1. Out of Leu184, Leu178, which single residue is part of a strand (DSSP E or B), under 17 Å from the mean Cα position of the chain (by Cα) and aliphatic (A, V, I, L, M)?
2. Is there a residue in segment 117-131 that is among the hydrophobic types (A, V, I, L, M, F, W, C), closer than 19 Å to Cys38 by Cα and at pLDDT 95 or above?
3. Got a sec? Which of Ala196, Ala236 is within 30 Å of Gly44 (Cβ to Cβ), part of a helix (DSSP H, G or I) and of a type outside the set (Phe, Trp, Tyr)?
4. For segment 98-112, check the following and say yes or no: at least one residue is assigned to a loop (DSSP other than H, G, I, E, B), touching a residue at least 12 places away in the same chain (Cβ under 8 Å), surrounded by fewer than 19 Cβ atoms within 10 Å (Cβ to Cβ) and touching a Phe, Trp or Tyr at 6+ places or on another chain (Cβ under 7 Å).
5. Across segment 52-70, what is the total count of residues that are crowded, with 23+ Cβ neighbours inside 10 Å and closer than 25 Å to Asp151 by Cα?
6. Got a sec? Which of Gly223, Gly165 is at pLDDT 95 or above and among the small types (Gly, Ala, Ser)?
7. How about segment 166-212: which of its residues are surrounded by fewer than 18 Cβ atoms within 10 Å (Cβ to Cβ) and among the basic types (Lys, Arg)?
8. I'd like to check something: does segment 136-143 contain any residue that is under 17 Å from Gly109 (Cα atoms), in a loop (DSSP other than H, G, I, E, B) and of a type outside the set (S, T, N, Q)?
Amino acid sequence: MSKHPAPRGGLALRFWGVRGSTPVSGPDYLEFGGSTPCLEVTCGDRMVLIDAGTGLFNCGQHHRDALPKQVDLLFSHLHLDHVGGLPFFKPAVFDPERTITTYCGNLDGASAEATIDRLFAPPIFPVTLDVIPCTLRHRGFRAGESVTLDDGLRVDTLPLHHPQGSVGYRFEHGGRRLCVISDLEHTDPWPDPKLAEFVAGADLMVYDGMFTDCEYPRCKGWGHSTWQKGVELAKAAGVKALAIIHLHPAHSDATLRAMEAEMQAEMPTAFIARERQQVEVGSEIRPRRAEGRARPLKLARIA
């Protein structure tokens, strides 16, 4: 866990929200956090956000005026736990000099504009988003295409097995590779060859581990996976480290710590992501523990 920015030129990841389905709070959620998905990827000085769950609020509060004037927001998909934080992304949404560009790849090429405008409007939401001072731009693509951002940064994508579809993302920068694979339901047989090829050799793979193997049979078809399948995929694809996100809202800190210990017995460089945790991809990771101790995880770098 680091409070400092990633070294200039590095590839870094910060978890602003790691919980799935619905935000949670209370004494059982202090270590891993209760905000829904929002990830911050930094390529050198370049920031890209993935998903606009409730964790997006704390992202805005942390950076405040240091947020870039051009904010790129990649959606994995448009279910409520991945978009609900968008109007609360302060101060960006209140700054008339800022532009937020969203990218959506699970709607067969359509952008997120119609969906977002339908969600954030009366009577569900008190106002429409055209009243906020910032500029909102929406772009669509088809999952599987590479997305090139305005400054030329390329992000590779892959369609994922999830109700209404989802998008996996791959970043490569400074000789390092980061893959974000959520929301996903594993298939049979497993690992899926196209997915294994997509994540092959990644320094870090972020993976949907909402359920355990024991819980999954009751939830088959819901569009989520298990940490066990994440470990299988990581080992098959030569992934160096694994971070589990989209945590079940009923999984307490104690439950998740026990799951993490079981997972690390199979893959020592695997961990369950904590809200606000920052990782320099390819370097040693120190996830924060409730008792204040940390166990380092050794990660190899891409040569």
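The values are calculated or read from the model by the stated rules, or taken from the named source; none is laboratory data. All figures in this text were calculated on a predicted structure; none of them were measured in a lab. Because the Cβ atoms are built from the backbone with ideal geometry, glycine has one as well, and the counts that use them run over all protein chains shown.
1. After applying the criteria, what remains is Leu178.
2. Yes; the residues of segment 117-131 include at least one that is among the hydrophobic types (A, V, I, L, M, F, W, C), closer than 19 Å to Cys38 by Cα and at pLDDT 95 or above.
3. Ala196
4. So far as segment 98-112 goes, yes, one or more of its residues are assigned to a loop (DSSP other than H, G, I, E, B), touching a residue at least 12 places away in the same chain (Cβ under 8 Å), surrounded by fewer than 19 Cβ atoms within 10 Å (Cβ to Cβ) and touching a Phe, Trp or Tyr at 6+ places or on another chain (Cβ under 7 Å).
5. Qualifying residue count, segment 52-70: 3.
6. Just one listed residue meets the conditions, Gly165.
7. Lys194, the sole residue that qualifies.
8. Taking every residue of segment 136-143 in turn, at least one turns out to be under 17 Å from Gly109 (Cα atoms), in a loop (DSSP other than H, G, I, E, B) and of a type outside the set (S, T, N, Q).
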